[in-house]
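Written out below as structure tokens is the structure these notes cover.
The values are calculated or read from the model by the stated rules, or taken from the named source; none is laboratory data. The structure presented is a predicted model; accordingly, all values stated were derived computationally and were not measured. When we count neighbours, we look across all protein chains shown, and the Cβ atoms used for this are built from the backbone with ideal geometry, even at glycine. Accessible surface areas use protein heavy atoms only, side chains included; no ligands, DNA or RNA. Shrake-Rupley method; radii C 1.70, N 1.55, O 1.52, S 1.80 Å.
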Amino acid sequence: MEGNKIVNRVRIKRKSLPRVRLAFSQFVSTLRQTDGDGETEGWMCCGQTFSHRSDINKHVGTTHSAAIANCALKLGQLQSNQTDRLSSDGDNTIKPVHRRCCCSSYGNESQKPLFGTVECCLVDSCDATDTSLDDLGSGLLRPLLLDSLPDMNRKEGVVLLFYYYCDLADPCVAKLWQVDLCKHLGLTGKVRLATEGINGTVGGSVEAARLYMEATMAYPPFRGMTSQDFKRSAGGAECFPELRVGVYQELVPLGIDPCLVSFKDAGPYLTPVEFHEEVARLLEAPKGSNAPLLLDCRNFYESMIGRFLGSVTPNIRKFSYFPEYVEKNLALFRSRRVLMYCTGGIRCERASAFLRSKGVCTEVWQLHGGIHRYLDVFPNGFFCGKLFVFDERYAIASNGRVIGACNHCKKPWDQYNLCTTPGCRQLVLACTSCQTEGHTVCCGVCWAKDASPALLNGEHIREECECTKGRERVPLEPEGGTSLWSDELLLKQITETTPFQEGSFK
């Protein structure tokens, strides 16, 4: 009854009431908070928690009535636009006649999917299923509701880094929803979707990021997500050149079918505090072939500017080389307890599953939330240098330690730039002085190249230069890392200048 009273407050024609009720009901359902057994604990909206259904109904009816009316109106327009493609069965359930997919072709504008069409990059084929308006659910209604919200405050921005492994039946439909949601909120960035879940990093205003998190956590397949699954850092929409949303075979390119190496077989988690204590014990323990192994699962250019003390940093250029690296260095892992880490945690999910499948380690653990979450708790802990990020910032810092070095003069430096040779996309560490002297390229081959852009059919091409062509794909017996100082000297420097936080040496 309470819901009907609230709906009646929205002045709209009687024939539109079913759509209003649908919008109202699904909006409220997206705010529901549940316990581990799926039981309702309450509802959360606008920073408030409501314990009773009547209270949340009243709040939504008085605060978001305009948005709900606008959503109901758009639903009506969408239904009328698709009349030529929809048929009704005996129980009056509206179902589409044709299959709808982001990579399908349509004869005219009225035949496009609900939220537009974008290029599909599914590796094999697209298997979008028939979907009714009701089946699309609250996750797709939510972007419509955002139309009536005030403009986002763009003075203060943030970048979100997140992932969520789950069984996602139809990533193509989720892609359309993500594109529409991000565009409504003015977000840029990169989002990968697969049958194993979602992986992304987006930037925009603080308010837009908050609404994005709420909407994503409300999407039915992702309702297991919490706000802790989103890592935040200073930035904004300017950190990415555009918005790119795609459907792939893997959330992170390990190069192995997810059915063969599944996230469900990943190693157990260590919290940042537990990981910190493990590293402390590792640094104090005597070195030996059976000592615990601290493994960096990132690429060489990431560990070059920041890493954990005492870690093994594979000198590989792509994460897809990791399986080959493990196969080539099985002796390194045999009968050892492995603690692994990466930027935000997603690479460790698959990497730990693969390493466990080899059956050579005694245990395989992973840092929950990655370096990003560790630095939230221990900004002056055992991670030294900057954290590499895959956007226009290239790196973010939590302390003043510099472990990288200029490619030319070898002075301390950890700020990347792209090679200035047109057509080359290699990252270069060149200090300000060397940049002034013109040392802005990655290698001798690029230095000798003509300044004219390399073009193929009018488009820039990514050339393979000396940096990539000459390096070994997978090294044998990697050293402890590529940094300017040894672990011993760096540890001495840190302990003399910055006391470790709680959970440090005991």
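Cβ-Cβ distances below 6 Å connect the following pairs, each with a first residue in segment 208-227 that is open to solvent by less than 50 Å² (accessible area, probe 1.4 Å), a second residue that is among the hydroxyl-bearing types (Ser, Thr, Tyr), and a separation of six or more residues or different chains: ALA218/THR30; ALA218/SER138; PHE222/TYR164; PHE222/THR216; MET225/TYR164.
Identify, by number, the condition in (1) at pLDDT 95 or above; (2) surrounded by fewer than 22 Cβ atoms within 10 Å (Cβ to Cβ); (3) in contact with a Leu (Cβ under 6 Å, 6 or more places away or on another chain) that PRO272 doesn't meet. That leaves (3) as the condition not met. Please specify each residue of segment 331-343 satisfying the condition of being closer than 23 Å to PHE388 by Cα and either open to solvent by less than 10 Å² (accessible area, probe 1.4 Å) or without any contact (Cβ under 8 Å) to a residue 40 or more places away in the chain (or both). Listed by number, the residues that qualify are VAL338, LEU339, MET340, TYR341, CYS342.
To keep it simple, each residue is scored yes or no on (1) assigned to a loop (DSSP other than H, G, I, E, B); (2) at pLDDT 95 or above; (3) in contact with a Leu (Cβ under 9 Å, 6 or more places away or on another chain).
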{"residue": "LEU161", "(1), (2), (3)": "no, yes, no"}
{"residue": "ASP167", "(1), (2), (3)": "yes, no, no"}
{"residue": "ALA174", "(1), (2), (3)": "no, no, yes"}
{"residue": "VAL179", "(1), (2), (3)": "no, no, yes"}
{"residue": "VAL191", "(1), (2), (3)": "no, yes, yes"}
{"residue": "GLU207", "(1), (2), (3)": "no, no, yes"}
{"residue": "ALA215", "(1), (2), (3)": "no, no, yes"}
{"residue": "PRO253", "(1), (2), (3)": "yes, no, no"}
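Candidates ASP147, ASP130, ASP151: the one that is acidic (Asp, Glu), closer than 30 Å to CYS259 by Cβ, modelled with pLDDT under 90 and surrounded by fewer than 19 Cβ atoms within 10 Å (Cβ to Cβ) is ASP130. Here the condition is being out of contact with any helix residue (DSSP H, G or I) (no Cβ under 8 Å at 6 or more places or on another chain), assigned to a helix (DSSP H, G or I) and surrounded by fewer than 20 Cβ atoms within 10 Å (Cβ to Cβ); of SER433, SER357, it holds for SER433 alone. Checked against (1) open to solvent by 10 Å² or more (accessible area, probe 1.4 Å); (2) within 24 Å of LEU476 (Cβ to Cβ), TYR394 passes all but condition (2).
Taken over segment 380-391, the residue count meeting the criterion of being over 21 Å from the mean Cα position of the chain (by Cα) and open to solvent by 10 Å² or more (accessible area, probe 1.4 Å) is 1.
Restricting attention to segment 326-357, the residues that are at pLDDT below 95 and of a type in the set (Phe, Trp, Tyr) add up to 1. The numbered conditions (1) among the β-branched types (Val, Ile, Thr); (2) out of contact with any Gly (no Cβ under 8 Å at 6 or more places or on another chain); (3) open to solvent by less than 50 Å² (accessible area, probe 1.4 Å) are all true for THR362 except (3).
If you go through segment 214-231 and keep only what is more than 13 Å from TRP177 (Cα to Cα) and small (Gly, Ala, Ser), you end up with GLY224, SER227. Taking residues in segment 303-330 that are farther than 24 Å from ARG281 by Cα, and partners anywhere that are open to solvent by 10 Å² or more (accessible area, probe 1.4 Å) and assigned to a helix (DSSP H, G or I), the pairs with Cβ atoms closer than 6 Å and at least 6 places apart or on different chains are ASN315/PHE300; PHE319/ARG347; PRO323/PHE354.
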